[in-house]
Amino acid sequence: MTETRPRRTLTNRNSWKTIRTLLRRIKSQSGTSEKSHPEVVWTTCKESSTTTETSTAVSIAEIQAPQVQKALVVARKGEYELRDDFPIPVVGDDEVMIRSYYVGLNPIDWKSVDYNFCLPEFPWVTGREMSGVVAQVGSAVTTFKEGDSVWTSTYYKDVRAGCFQEYVIVPSHTVLPIPSTVSFEAAACLGVAALTAAMTLWKWLGVPIPSTTTDDSEEQWLLIWGGSTVTGQFATQIASLSGIKVITVNSAETKALSEKLGASHVVVRDEKTDEELVDEIRQVTGGRITRAIDLVGTKTASLALDAVSKDAPVAFAPLAMMSSSHVIPENVIVHTVEMKQFVLDKGNVCYTEELGKLLEAGKLILPELHLVEGGLDVVQEGLEMLKKGNMKGKKLVVRM
């Protein structure tokens, strides 16, 4: 994708010079971004049919934004289509339009299409996280300007917010500046994994925010089943910074990764029965796990519940899936983590602010990236890679 060229060019060279002059004036009025990134030219121009001096007098009103864009859409049940004529909607007063540069891929992206959920209608655009450059802001937006480097987390019910398109429109409170310690491409993994980990711990499981952590003589344990997942990596670090002891369940290949991120103990699942895994967890923690996160599925959610405390109050977040028929112990509260609350409730901005502080201070190690070139044309290929699994702790990001 060529990011520094306008979508259309003028055949008349004099007219183009005039337009370029006008654009420079606009740019000088809007200021410049502190981050280095390719310039985004947000213009299309009317072609001139003459070469006279009067034909070069092009007004600002004649500089128009493109009306269509390229998008990977779910055209019908279980079927994608790549379209070049997908409409670009108008930006609302309190909304921001972002030109996409990097898109993070997540299991929910392929699962929603394969199992036909979170698709309000067809055609629809999926994709939950991205980083890019502000292309346009609504009249009520004062916190961002065109050219700012940002990241966002989106809600599936707004087709304009689907990240598998060139231009994404989201509420202004869901737009965050990219911290100086985070690369442009790595920022594309913050909208799902990092934010989910932070909100799950701080909002639902009651883990204290690191800046407010107080000394507690009582040992507290958090179980993370699936410690090498990108969400598990962020959760391990955030909990550790809060003084919580973390025990994770991993493969032998990723044991060292979780240890590096602060896990107090890593249970290697390879060649062990379910009973052996639960016994090891309970022996290491003394049966004192009061918080748990499952990132794998229904079977491991059940095993996680077997491993937690039998008498102390327990908060459990089954982030992958949990059977509705499972019997929940009386001392366990199962929290339904709804990340849509980040979009629907502006009060949740406090969590992104705290996450931003940790990132800016360099206290979080970002996941290793598996960067795929090719833009929207390779998103489906990337999703197939995710479906096969065994990413070994890497985060899959597509360069747009």
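Distance between Cα centroids, the stretch 100-116 to the stretch 170-230: provide it in whole Å.
20
Cα centroid distance between the stretch 304-338 and the stretch 361-400, in Å?
Using only Cα atoms, the two centres lie 30 Å from each other.
Which order do the peptides 310-320, 331-341 take when ranked by the mean count of other beta-carbon atoms within 10 Å per residue, highest first? Don't skip to the end; give the middle numbers.
Working: 310-320: 18.6, 331-341: 14.6.
The most tightly packed comes first, giving 310-320, 331-341.
In sequence order, what are the phi-derived ³J(HN,Hα) couplings for the stretch 233-243 according to the Karplus relation 6.51 cos²θ - 1.76 cosθ + 1.60 with θ = phi - 60°, rounded to whole Hz, with x for glycine and proline?
5, 5, 5, 4, 5, 5, 5, 4, 5, 8, x
Once label points are set 7 Å from the Cα along Cα→Cβ at both residue 337 and residue 211, what is their separation, rounded to one decimal in nm?
Reported label-point gap for residue 337 and residue 211 is 2.2 nm.
Applying the Karplus parametrisation 6.51 cos²θ - 1.76 cosθ + 1.60 with θ = phi - 60° to the phi angles of the stretch 320-336, what ³J(HN,Hα) value in whole Hz is obtained for each residue in order, glycine and proline being reported as x?
8, 5, 9, 5, 5, 8, 5, 7, 9, x, 5, 8, 10, 10, 8, 9, 8
Among 222, 199, 281, whose Cα projects farthest towards the positive end of the dipole of the stretch 190-282, with charges put on the beta-carbon of Lys, Arg (+1) and Asp, Glu (-1)?
The residue sitting most towards the positive pole is 199.
Give the long-range amide H neighbours of residue 80: residues separated by 5 or more places, or on another chain, with amide H under 5 Å away, using H modelled in the peptide plane at 1.01 Å from N.
75
Sorted from fewest to most neighbouring beta carbons within 10 Å, what does the list 350, 189, 118, 163 look like?
On the way: 350 13, 189 28, 118 16, 163 31.
Sorted ascending by nearby Cβ count, the order is 350, 118, 189, 163.
From the P(r) of the stretch 206-334, could you give the percentage of C-alpha pairs in the tail past 16 Å? Could you put the intermediate results ahead of the total?
Numbers: 4859 of 8256 pairs.
Of the Cα pairs, 59 percent sit more than 16 Å apart.
Do the alpha carbons of any pairs in 245/346; 203/357; 363/394; 245/272 sit beyond 26 Å of each other, and which pairs?
Working: 245/346 31 Å; 203/357 17 Å; 363/394 19 Å; 245/272 23 Å.
Beyond 26 Å between Cα atoms: 245/346.
According to a simple spin-label model (label point 7 Å from Cα along Cα-to-Cβ), what is the distance in nm between residue 325 and residue 111?
About 2.0 nm separates the two model spin labels.
Charges on Cβ only, +1 for Lys and Arg, -1 for Asp and Glu, centred on the Cα centroid of the stretch 66-184; of 116, 175, 96, which one is farthest towards the dipole's positive end?
Farthest towards the positive end: 116.
Hey, got the dipole for the stretch 206-334? About the Cα centre, +1 on K and R Cβ, -1 on D and E Cβ, debye to the nearest 20? Display every interim value, and only then the final one.
On the way: 10 positive and 17 negative charges, 61 e Å.
In debye, rounded to 20, the stretch 206-334 gives about 300.
Quick note: the coordinates plus some simple rules give every number you see, no bench work behind them. Just so you know, these numbers come straight off a predicted model, no measurement behind them. Note that we place each Cβ from the backbone using ideal geometry, even for glycine, and neighbour counts take in every protein chain shown.
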